[in-house]
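Have a look at the structure below, then the notes.
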């Protein structure tokens, strides 16, 4: 498992600006964060958890911004949702 702190450090250099990432780089960063999320939640410092929260939110918002008409699977909707339109952020 890749440790995000090994590449960025708990207080290390900031990751690349989100808007400058290619789609592939954006997915790679998200995958790394998702892979280490439980470990960060269980054993990371408050600062590490806050950084993880902030970066995941930043990357996910950028993805939605780039792909506002992304395909939404009907299987992923809750019964009370009547629209397949993705939420706007």
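Write out, first by first residue and then by second, each pair whose Cβ atoms fall under 6 Å of each other, whose residues are 6+ apart or on separate chains, and whose first residue, in region 36-63, is over 15 Å from residue 25 (Cα atoms) while the second is surrounded by fewer than 19 Cβ atoms within 10 Å (Cβ to Cβ) and modelled with pLDDT of 95 or more.
Here the result reads 40/49, each pair linking region 36-63 to a residue that is surrounded by fewer than 19 Cβ atoms within 10 Å (Cβ to Cβ) and modelled with pLDDT of 95 or more.
Could you pull out every one of the helices (runs of 4 or more DSSP H) wholly within the chain that has 2 or more residues that are within 17 Å of the chain's Cα centre (by Cα) and at pLDDT 90 or above? Talk me through it step by step, then tell me what you get.
On the way: elements: 4-8, 23-43, 46-66.
In the chain, 23-43, 46-66 are the helices (runs of 4 or more DSSP H) which contain 2 or more residues that are within 17 Å of the chain's Cα centre (by Cα) and at pLDDT 90 or above.
The values are calculated or read from the model by the stated rules, or taken from the named source; none is laboratory data. Everything numeric here is computed off the predicted structure, so don't read it as measured data. Note that we place each Cβ from the backbone using ideal geometry, even for glycine, and neighbour counts take in every protein chain shown.
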